[in-house]
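Read the figures in this text as sums done on the coordinates, not as results from a lab. This structure is a prediction, so every number in the text was calculated from the model and none was measured. For neighbour counting, all protein chains shown are included, and Cβ atoms are generated from backbone atoms with ideal geometry for every residue, glycine included.
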Amino acid sequence: MILVLRLLPFAVGITNAWLFFLQSTNAATYPYLVGIAPVLFFVAAVMIAKRQSITITFIQRMVPCTLAIAMAGYGMLLAEGNAATVVIPLFAGIASFLGLELLFLSMYLQASYPVNGLSHLNLSLVPVIFWLAAYTSVGLTVFIHLSQIIPILVMTLTAAAVFYATSHVDSTASDAMRWTLLGAWVGLQLGIACVVLPLTLPVHATLAATLGAFALRSRRYGIAPLIPRKLFYAEVTGAAFLIALLLGTSTWV
């Protein structure tokens, strides 16, 4: 059985990448093929972890990868060309593989597990999740003329899930709830910005990814050990400069 579990990360990664590729060549079947991918990932994660204990903490750790794969499927609604046939399938496959591989190492090969590997992976997926959510949601209102409530709802729910799932390991249930509510508030603001600002789709997505990721990063400023003050100022200045650059150099439509 351990051999089967050891092969699961690679097998699921390849399978999910293949499902996304098939979806790109069979548009009429949407969303059934890509809809299988996040379910397959989570089921595989449960199989790997079932010898341990399936806890709330385990579910939290799996949410970002599952959400990233689901958002990749959401992004297939508007993806064309190489983005649909290569980039998104590769992203879904790599995210699936890395999430399950790190989970397996943390459960069975602790000596080979990189310190905080899953946490780092989850945080690195946050900008991609926000980017895909914003790009697709705004695109649906532009190209298909769906209700503008969609970006607001999608960004609110996405940010709430991301803030909850990336809670610090030492946070209490009340801490996690406060950050979940704050995440929902941040997502609401991002959704409103997506509706109100007359920007192109890539700029909307990049702005949402930058603001969402920095809002999440700000949580680290209150957790011991505190980061150096110089690094704090550098990060705030860098984020402000990037946002100003985006808004100042983009074409407003």
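According to the Kirkwood expression over distinct Cα-Cα pairs, how big is the hydrodynamic radius of segment 124-253, in Å? Evaluated on segment 124-253, it is 15.3 Å.
Can you classify segment 1-41 as rounded, prolate or oblate using the Cα gyration tensor, where a ≥ b ≥ c are the square roots of its eigenvalues, rounded means a/c under 1.5, and otherwise it's prolate if a/b beats b/c and oblate if not? It is prolate, given that a/c is not under 1.5 and a/b is the larger ratio. Listed from fewest to most Cβ neighbours within 10 Å, the set Val162, Val126 follows the order Val126, Val162. Using the Kirkwood radius over C-alpha pairs as Rh, can you work out the diffusion coefficient of segment 1-113 via Stokes-Einstein at 37 °C, viscosity 0.692 mPa s, in µm² per second? Rounded to a whole number, D works out at 232 µm²/s. If you wrap segment 183-253 in the convex hull of its Cα atoms and look at it from every side, the mean projected area works out to 5.0 nm². Taking Rg and Dmax of the Cα atoms in Å as calculated from this structure, the corresponding entry among (i) 18.4, 61; (ii) 17.5, 54; (iii) 18.6, 57 is (iii). One decimal place: the segment Gln110-Lys230 gains 39.8 nm when fully extended, by the rule 0.36 nm per residue minus the C-alpha distance. Put the Cα centre of segment 88-136 next to the Cα centre of segment 4-56 and the gap is 13 Å.
Exposure proxy shown here: for Arg51, Arg217, the number of other Cβ atoms within 10 Å sets the order, fewest to most, as Arg51, Arg217. What shape does segment 43-192 take by its C-alpha gyration tensor, where a ≥ b ≥ c are the square roots of the eigenvalues and a/c under 1.5 counts as rounded, a/b above b/c as prolate, and the rest as oblate? Oblate is the answer for segment 43-192, as a/c is 1.5 or above yet b/c matches or exceeds a/b.
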